[in-house]
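The values are calculated or read from the model by the stated rules, or taken from the named source; none is laboratory data. Values in this document were obtained by computation on a predicted structure and should not be read as measured data. Because the Cβ atoms are built from the backbone with ideal geometry, glycine has one as well, and the counts that use them run over all protein chains shown.
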Amino acid sequence: MTRLLSASLLLTVACGGNLAQGVGAPFSETWQADQGKSIAALEARLRATKAPGATAVAVGVNDSGLFGASLPAGPRWTHSGTADTVPIVAGELVVASNAGQLFALDAKSGKQLWSVAIDDRMLRGASDDGTYTVAVVAADNQRKSRFLAVDRSGSVVREIDSTIDLGFPAVKAGVAFIPWSSQYVSAVDLKSGEEVARLLLREIVTQARNFNGELWFGEKGLVRFDDKIRLATTNQGTHLVLPARQLPGKPVWLGSGNQLWPVSSSARLKIRLAATPVAATDGVHFTDHAYLASYFRVVLGLSDQDATLHFVKSLGADALAMSSAERGFAVCDASGKVTLLSAQGGDAGSADLGARLTACTVDVTALRLEQAQPPAPLAEQIGQALSELTPDMAVAQKLLVDELTKLDDPRVTKILIDLTSSAKIPPDLRAAARKLIATRRTGKEYMLAALERHYDYVSDVLLPPPLGPLADALAAMNEVSATPLLARHLNDPANDMADVERAAIALGKLATPAEYEELRTFFALYRATADEPSLVNAVVAVGGALVRMGGAPGKALVERAAQDPLTQSEVKRGLTALLTPETAAPSAAKSPNVAQNAQRP
Amino acid sequence: MPVRNHLPLIIGAALASALFATAVAAAPKAEKPGAAAAKSKLDLPSLQKALESGDEARAQSALETIASSGDPAGAAPVEALLARGASASLLARAIETLGILAQPTSGAALAPYAQHRTPELRRAALRALIATQSPLAGDVLRRALHGSDPAQRAIAARGLGQLNVRAAVPELFSVLPKDVAEAAQSLGQLCVREECEKFTELLGRLRFEVMESGIVPLLLRPQADVPDELKLKLIERLRRMATQPANQLLQTALAKLPADGSPRVKLGLERALKGYSVEETK
């Protein structure tokens, strides 16, 4: 079938001044779909040749230069002069552009190997096969893509200007793979300039990527360049995609290969996904069976099967770049630190690029990082991340709180309690954490410890504990050991009234004679001064407790109050109901009970 | 703070004690049971009945009678009213009445109200506690210093000085930089030696308005508590500030200095007010 291109295609193909055109010229409008024959033949021809993997390196950028370091623990280097788009690790090189020049640095030493003029264009994508470096450069305004192939001496061996957007290219054994028109990958022989094969995909393809020597094509999902590539046109190639999951900031993995990644403080660089596809005997998957998601200072390690959370790493600065290794991960942040993580998210070392950064690139796809220290339990990781997040990170905070609730770990209770006590936590999230505490049935020791705390201006404890939710949870757990602490909170005016009400209801169920004095004090103070419904409910609940466990004196106290004209009318009604057995049940049902409270923040 | 955990016990004990007081009804506080009642001009049985009537107007009238009599024997039925609980307006008047009667034993009935959720009631309870000079007052005021109500903290900070609660000095130092200016006055009254030095070192670090209420009390303290050397140092610092408020403090201190006060301090104040260094008086 002949596929006609709707857009005009203007090609200028240069090779030492010679033009290559006609049949076999790249990006031909008259190409006829060949059911994958040409690309399959090329794959068979190149199968024995492995493209070189990338050198393990991190390269940061700021206004004054590029700052590199070999990983996991190699020497540092610097390169004066900045970059206008995020540099790319291509085999043994770091390719970058600045001020109309495309240049390559040795990834290990930072030494500049070559530089070529690219007019007003900037680097969009690059790859290297050990002999040639290919790159696509483009201007801010689209339709000015240029493909370049440069040899180690800095000579441009192939240059193609195109009015159609060219995507992120790859190269293997002298053949460049150039995505274009979001549908095709043209394979161009760099020596002849001929298009020797073409791949037509039924999904968006703007990326041709070399992951540790293997080529993959696509954008959201990737198709492997292997013996099934012939079937890719009919969606039967070797395909891999990250599991769908809503993540803070809606991060993208590779993103469109047709776009530039300018060096800027934009959030776009800080909200990303990172994953490395790999083919194994059991099929294709992502290394470590996981991928990374960044959201400013937080990095999540997620399952490549179902996106469940494996680990959380909080950083000292915004994440700017990430890479998945054969085993483990690397994250480069704005402080210039490169954090190395084991496959489980444990500590695997770090490197320092020596400067604060605006952008960074890191590639550890060929590394196997060993764990120096295992990670803390996931609940603690989440708690740590939550404590370090700033209030403007509400989306990430919410996700982490949601993750917490999936864990059956008593420490979750402590983390939720800490959240409610932190001034850094936005009110919505604090309310959510309070709601979750009420549903907890483990972590009693943390609940009791929290109840030991009171508002204390002298000691700068300026938020009381989440009394209401704790009371609900402890009542549901029938935790009688909590009663002295709950009783003490009844008479602390720093507690929110709604919380006091919930504590009173819990005490209505749990209180023992040991709390009689505290309850009687509360009853005396408020039976005639209750001026809001929650306080009325609290007094009636305490009255119920006094009747239940206070013996004759308790009952007499409540009876007198029920008779006293000074007793607040609603309280009086509630107390009368308490003292009348046949009506007690319906009256009690009017008050919020523990189960209902679980729905309250 | 150690005081925190004792408070529930204090409140519980206070209420229990107040209820006990109900049983002994009109027993006067500072005298042997029966003696004050016998001497009292108040019709205590009738007043007690009015306070227990549940009739707001009658109870208010009874409280007026007791308050205007100033008779300590009237304290017991009022304490009993507080222990039972009543409407906010009755409670306010009852608390005020106990403050007027100023009986130390009323502290037990007043203490729980220092934690009432109604700010006016708890502030009134603190003021009344200070007036009673109850042995419970120190702990209750210290607790109030930890609370969330700024007005309550101010009353407590001032009261701790008035009641000479030395144990509160560390807490007063804690709240002083947090703009509880009343703590300065109490620290000026309570500090001894190193504490006073610590206090004077805060001059210049904290706002003058926060510190100033503690300066004159400190300058008037006896030599045994605050050495003259420290006072002279403070006078010199105030002189060097050369501001009208600082000068005013020096004048006030000189005016209030007792006739048998330290001659060196007096000379220092006089020299400072004339603009001379006090160094030579040392």
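Looking across region B:171-202, the residues that are at pLDDT below 95, farther than 25 Å from A:Val461 by Cβ and outside any helix (DSSP H, G or I) come down to B:Val192, B:Arg193. The numbered conditions (1) more than 14 Å from chain A (Cβ to nearest Cβ); (2) under 22 Å from A:Val458 (Cβ atoms) are all true for B:Glu229 except (2). Of the conditions (1) at pLDDT 95 or above; (2) surrounded by fewer than 16 Cβ atoms within 10 Å (Cβ to Cβ); (3) polar (S, T, N, Q), A:Gln142 satisfies every one except a single condition; which number is it? The single condition A:Gln142 does not satisfy is (1). Going through (1) more than 11 Å from chain A (Cβ to nearest Cβ); (2) modelled with pLDDT of 95 or more one by one, B:Leu91 falls short only on (1).
Residue count for region A:484-516 satisfying the condition of being among the hydrophobic types (A, V, I, L, M, F, W, C) and either within 9 Å of chain B (Cβ to nearest Cβ) or out of contact with any Leu (no Cβ under 8 Å at 6 or more places or on another chain) (or both): 7.
Among the residues of region B:104-129, those that are surrounded by fewer than 24 Cβ atoms within 10 Å (Cβ to Cβ) and either of a type in the set (Ser, Thr, Tyr) or away from chain A (no Cβ under 13 Å) (or both) comprise B:Pro104, B:Thr105, B:Thr118, B:Arg127. Residues to consider are B:Ala38, B:Ala80, B:Ala86, B:Ala50; find the one that is more than 24 Å from the chain's Cα centre (by Cα), under 26 Å from A:Ser569 (Cβ atoms), part of a helix (DSSP H, G or I) and at pLDDT 55 or above. Going through B:Ala38, B:Ala80, B:Ala86, B:Ala50 in turn, the sole match is B:Ala50. Within region B:203-237, restricting attention to residues that are part of a helix (DSSP H, G or I) and basic (Lys, Arg), the residue that is surrounded by the most Cβ atoms within 10 Å (Cβ to Cβ) is B:Lys231.
Considering only region B:57-74, I want to know if a residue exists there that is facing chain A (nearest Cβ under 10 Å) and more than 22 Å from A:Leu535 (Cα to Cα). Taking every residue of region B:57-74 in turn, at least one turns out to be facing chain A (nearest Cβ under 10 Å) and more than 22 Å from A:Leu535 (Cα to Cα). Only residues that are hydroxyl-bearing (Ser, Thr, Tyr) and either surrounded by 24 or more Cβ atoms within 10 Å (Cβ to Cβ) or touching a Lys or Arg at 6+ places or on another chain (Cβ under 6 Å) (or both) were counted in region A:185-220, giving 2.
Here's the yes/no breakdown for (1) more than 22 Å from B:Asp225 (Cβ to Cβ); (2) touching a strand residue (DSSP E or B) at 6+ places or on another chain (Cβ under 8 Å); (3) away from chain A (no Cβ under 14 Å):
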position: B:Ser134; (1), (2), (3): yes, no, yes
position: B:Ala154; (1), (2), (3): yes, no, no
position: B:Ala157; (1), (2), (3): no, no, no
position: B:Leu163; (1), (2), (3): no, no, yes
position: B:Ala168; (1), (2), (3): no, no, no
position: B:Leu172; (1), (2), (3): no, no, no
position: B:Leu176; (1), (2), (3): no, yes, no
position: B:Arg193; (1), (2), (3): no, no, yes
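From the list A:Ala538, A:Ala556, the one residue that fits, being out of contact with any Ser or Thr (no Cβ under 7 Å at 6 or more places or on another chain), surrounded by 24 or more Cβ atoms within 10 Å (Cβ to Cβ) and of a type outside the set (Val, Ile, Thr), is A:Ala538. In region B:115-135, the condition of being closer than 22 Å to A:Leu463 by Cβ, under 12 Å from the mean Cα position of the chain (by Cα), aliphatic (A, V, I, L, M) and at pLDDT 95 or above is met by no residue. A:Arg548 satisfies every condition listed in (1) touching a residue at least 40 places away in the same chain (Cβ under 8 Å); (2) within 9 Å of chain B (Cβ to nearest Cβ) except (2).
In summary, B:Ala168 fulfils each of the numbered conditions (1) of a type outside the set (Phe, Trp, Tyr); (2) under 15 Å from the mean Cα position of the chain (by Cα); (3) over 29 Å from B:Glu56 (Cβ atoms); (4) not in a helix (DSSP H, G or I) with the single exception of condition (4). The residues on offer are A:Leu451, A:Leu399, A:Leu416, and the sole one that is within 21 Å of A:Ala293 (Cβ to Cβ), in a helix (DSSP H, G or I) and either touching a His at 6+ places or on another chain (Cβ under 6 Å) or outside the structural domain of A:Leu535 (by TED's automatic domain parsing) (or both) is A:Leu399. Answer yes or no: is there a residue in region A:212-228 that is farther than 30 Å from A:Ala396 by Cα, touching a residue at least 12 places away in the same chain (Cβ under 8 Å) and of a type in the set (Lys, Arg). Yes. Taking region A:435-452 as the range and being buried (at least 18 other Cβ atoms within 10 Å of the Cβ) and within 14 Å of another protein chain (Cβ to nearest Cβ) as the test, only A:Leu451 passes. Can you find, within region A:472-483, the residue that is farthest from the other protein chains (Cβ to nearest Cβ) among those that are within 19 Å of A:Glu517 (Cβ to Cβ) and among the aliphatic types (A, V, I, L, M)? Top of the filtered list is A:Val480. Output yes when any residue across region A:291-305 is surrounded by fewer than 16 Cβ atoms within 10 Å (Cβ to Cβ) and in a strand (DSSP E or B), and no when none is. No, there is no match, as no residue in region A:291-305 is surrounded by fewer than 16 Cβ atoms within 10 Å (Cβ to Cβ) and in a strand (DSSP E or B). Filtered by the rule that a residue be in a loop (DSSP other than H, G, I, E, B), over 12 Å from A:Gly218 (Cα atoms) and aliphatic (A, V, I, L, M), region A:241-266 gives A:Leu242, A:Ala244, A:Leu247, A:Leu260, A:Val263. Of all residues in region A:126-133, none are part of a strand (DSSP E or B), farther than 11 Å from A:Leu93 by Cα and free of Cβ contacts under 8 Å to residues at least 60 places away in the same chain.
How many residues does region A:454-468 contain that are more than 9 Å from chain B (Cβ to nearest Cβ) and buried (at least 17 other Cβ atoms within 10 Å of the Cβ)? Total satisfying the criteria: 4. All conditions but one from (1) modelled with pLDDT of 95 or more; (2) of a type outside the set (Ser, Thr, Tyr); (3) under 18 Å from the mean Cα position of the chain (by Cα); (4) more than 20 Å from A:Val59 (Cβ to Cβ) apply to A:Leu340; the one that does not is (4).
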